[in-house]
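Heads up, the thing below is written out as structure tokens.
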Amino acid sequence: MVKNLKPGNTAPASAQYEIVGPRGGHTGQERTVARGEPLPPTPRAGQGYVIADRTKNNSGRG
């Protein structure tokens with residue numbers, strides 16, 4: 001199951017986040033957000049985010 005994140009929530013990982021519709025439909029739009037930063041507002045009400053592509057670096061891994 002893909003976790004749908006809401007705008008304003010803290011990003012759990014540095015990644016590109018795809019905007020999805022209220023029923024999970026893909027919009028094709030992505031935003032790059034660093035871990036710990038809030039997710040930006042979406043163009044329409046009811047939309048959310050899912051992780052599309054994680055950042056490929058080793059920062060934060062111990």
Whole-Hz couplings from phi, Karplus 6.51/-1.76/1.60, listed for segment 29-40; x for Gly and Pro: 9, 10, 10, 9, 9, 7, 4, x, 8, x, 6, x
For the chain, size of Cβ-based charge dipole, Lys and Arg +1, Asp and Glu -1, in debye: 140
Listed residues THR32, ALA52, VAL20: farthest to the positive end of the dipole of segment 15-54 (Cβ charges): VAL20
Once the other residues with Cβ under 14 Å from the Cβ of GLN47 are scored (Lys, Arg +1; Asp, Glu -1), what is the net sum? +2
Bin all alpha-carbon pair distances of the chain at 5 Å intervals from 0 and give each bin's fraction as a whole percent. 4, 20, 31, 23, 13, 5, 3, 0
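Any read-out appearing in this document is the output of simple, stated calculations on the displayed coordinates, not a laboratory observation. Please read all numbers here as calculations on a predicted model, not as lab measurements. Positions of Cβ are generated from backbone atoms using ideal geometry, with glycine treated the same way; all protein chains shown enter the neighbour counts.
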